[in-house]
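A.B. asks: Supplied in C-alpha coordinates, the structure appears directly below.
The values are calculated or read from the model by the stated rules, or taken from the named source; none is laboratory data. These numbers come from a predicted model, not from an experiment. Positions of Cβ are backbone-derived with ideal geometry, glycine not excepted, and every protein chain shown enters the neighbour counts. SASA here: full protein model, heavy atoms, side chains in, ligands and nucleic acids out. Shrake-Rupley method; radii C 1.70, N 1.55, O 1.52, S 1.80 Å.
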Amino acid sequence: MIKKEEARAIVKRYRGQLSRESLCKSSMEICETICATDCYKSASTVFCYAAVNGEVDLSVLIKRGLREGKCIALPKTEGPDMRFYLIDDIAQL
(Lines give C-alpha, C1' and ligand atoms only; values in the text may rest on other atoms or scores of the structure.)
Protein backbone atom coordinates (compact mmCIF):
# COMPACT_ATOMS: atom_id res chain seq x y z
CA MET A 1 0.00 0.00 0.00
CA ILE A 2 1.27 3.46 -0.86
CA LYS A 3 2.03 5.84 1.99
CA LYS A 4 0.27 9.17 2.25
CA GLU A 5 3.52 11.11 1.73
CA GLU A 6 4.27 9.13 -1.44
CA ALA A 7 0.77 9.71 -2.80
CA ARG A 8 1.08 13.45 -2.15
CA ALA A 9 4.43 13.56 -3.94
CA ILE A 10 2.98 11.75 -6.97
CA VAL A 11 -0.01 14.09 -7.15
CA LYS A 12 2.24 17.14 -6.75
CA ARG A 13 4.47 15.98 -9.63
CA TYR A 14 1.41 15.36 -11.81
CA ARG A 15 -0.03 18.81 -11.01
CA GLY A 16 3.32 20.38 -11.87
CA GLN A 17 3.10 18.90 -15.35
CA LEU A 18 -0.31 20.42 -16.13
CA SER A 19 -0.43 23.46 -18.37
CA ARG A 20 -2.01 26.62 -16.96
CA GLU A 21 -4.76 26.29 -19.56
CA SER A 22 -5.49 22.70 -18.54
CA LEU A 23 -5.56 23.61 -14.85
CA CYS A 24 -7.94 26.54 -15.47
CA LYS A 25 -10.26 24.39 -17.59
CA SER A 26 -10.27 21.56 -15.06
CA SER A 27 -10.83 23.99 -12.17
CA MET A 28 -13.83 25.54 -13.94
CA GLU A 29 -15.32 22.12 -14.69
CA ILE A 30 -14.89 21.02 -11.08
CA CYS A 31 -16.51 24.20 -9.75
CA GLU A 32 -19.44 23.83 -12.18
CA THR A 33 -19.89 20.18 -11.17
CA ILE A 34 -19.95 21.09 -7.48
CA CYS A 35 -22.43 23.94 -8.04
CA ALA A 36 -24.78 21.58 -9.88
CA THR A 37 -25.11 19.20 -6.93
CA ASP A 38 -28.12 19.18 -4.64
CA CYS A 39 -25.73 19.26 -1.69
CA TYR A 40 -24.26 22.60 -2.84
CA LYS A 41 -27.65 24.03 -3.76
CA SER A 42 -29.10 23.29 -0.33
CA ALA A 43 -26.00 24.30 1.65
CA SER A 44 -26.01 27.49 3.67
CA THR A 45 -22.26 27.15 4.40
CA VAL A 46 -19.61 25.96 1.95
CA PHE A 47 -16.11 25.00 3.06
CA CYS A 48 -13.42 25.77 0.47
CA TYR A 49 -9.70 26.47 0.34
CA ALA A 50 -7.44 28.98 -1.37
CA ALA A 51 -5.46 27.12 -4.03
CA VAL A 52 -1.65 26.99 -3.89
CA ASN A 53 0.98 25.16 -5.92
CA GLY A 54 -1.24 24.15 -8.82
CA GLU A 55 -4.19 22.91 -6.74
CA VAL A 56 -7.71 23.12 -8.16
CA ASP A 57 -8.69 26.79 -8.12
CA LEU A 58 -11.99 27.19 -6.26
CA SER A 59 -12.20 30.98 -6.66
CA VAL A 60 -15.16 30.64 -9.06
CA LEU A 61 -17.00 28.53 -6.48
CA ILE A 62 -16.13 31.00 -3.71
CA LYS A 63 -17.32 34.02 -5.71
CA ARG A 64 -20.53 32.29 -6.73
CA GLY A 65 -21.26 31.19 -3.19
CA LEU A 66 -20.77 34.73 -1.91
CA ARG A 67 -23.06 36.13 -4.64
CA GLU A 68 -25.71 33.57 -3.69
CA GLY A 69 -25.53 34.60 -0.03
CA LYS A 70 -23.88 31.42 1.22
CA CYS A 71 -21.44 31.50 4.12
CA ILE A 72 -17.99 30.66 2.78
CA ALA A 73 -15.45 29.21 5.21
CA LEU A 74 -11.75 28.70 4.54
CA PRO A 75 -9.13 26.96 6.67
CA LYS A 76 -6.14 28.55 8.31
CA THR A 77 -3.51 26.56 10.16
CA GLU A 78 -2.45 27.96 13.48
CA GLY A 79 0.38 25.85 14.80
CA PRO A 80 -0.85 22.26 14.90
CA ASP A 81 -4.49 23.37 14.67
CA MET A 82 -6.68 24.11 11.69
CA ARG A 83 -9.43 26.68 12.13
CA PHE A 84 -12.04 27.79 9.64
CA TYR A 85 -12.90 31.42 9.09
CA LEU A 86 -15.89 32.92 7.30
CA ILE A 87 -15.19 35.45 4.57
CA ASP A 88 -17.58 37.88 2.94
CA ASP A 89 -15.32 39.03 0.10
CA ILE A 90 -12.79 37.18 -2.06
CA ALA A 91 -10.32 40.00 -1.39
CA GLN A 92 -9.96 38.65 2.16
CA LEU A 93 -7.89 35.72 0.88
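A.B. asks: Please give, to one decimal in nm, the separation of the simple spin-label points placed at residue 68 and residue 14, each 7 Å out from Cα toward the Cβ.
C.D. replies: Going by the 7 Å Cα→Cβ label model, 2.7 nm.
A.B. asks: While we're on this one: Give the label of the value calculated from the structure for percent of Cα pairs over 21 Å apart, choosing from (1) 43; (2) 34; (3) 24.
C.D. replies: Step by step, percent of Cα pairs over 21 Å apart for this structure corresponds to label (1).
A.B. asks: When we measure straight from the Cα of residue 12, which aspartates and glutamates land under 15 angstrom away, once same-chain ones fewer than 8 places off are left out?
C.D. replies: Result set, ordered by chain and number: 55, 57.
A.B. asks: Hey, another quick one. What 222 nm value per residue comes from the helices of the chain, counting each DSSP H run with n ≥ 4 as -39,500 (n - 2.57) and dividing by all residues, nearest 500 deg cm²/dmol?
C.D. replies: The per-residue figure over the chain is -14500 deg cm²/dmol.
A.B. asks: What's the angle, to the nearest 10 degrees (0 to 90), between helix 20-35's Cα axis and the longest principal axis of the chain?
C.D. replies: Result, in degrees: 40.
A.B. asks: Right, another one. What percent antiparallel are the DSSP beta bridges of the chain, to the nearest 5?
C.D. replies: If we restrict to bridges inside the chain, about 70 percent are antiparallel.
A.B. asks: Write down the accessible area per residue of the chain in Å², having rolled a 1.4 Å probe over the full set of protein chains.
C.D. replies: With the other protein chains kept in place, the chain gives 76 Å² per residue.
A.B. asks: Further, regarding this structure: Sequence gap at least 6, Cα distance under 8 Å: using those rules, report the relative contact order of the chain to the nearest whole percent.
C.D. replies: It rounds to 22 percent for the chain.
A.B. asks: Let me ask something additional. Would you mind computing, in nm to one decimal, how far apart the modelled labels at residue 77 and residue 49 are, each placed 7 Å from Cα along Cα→Cβ?
C.D. replies: Result: 1.0 nm between the two label points.
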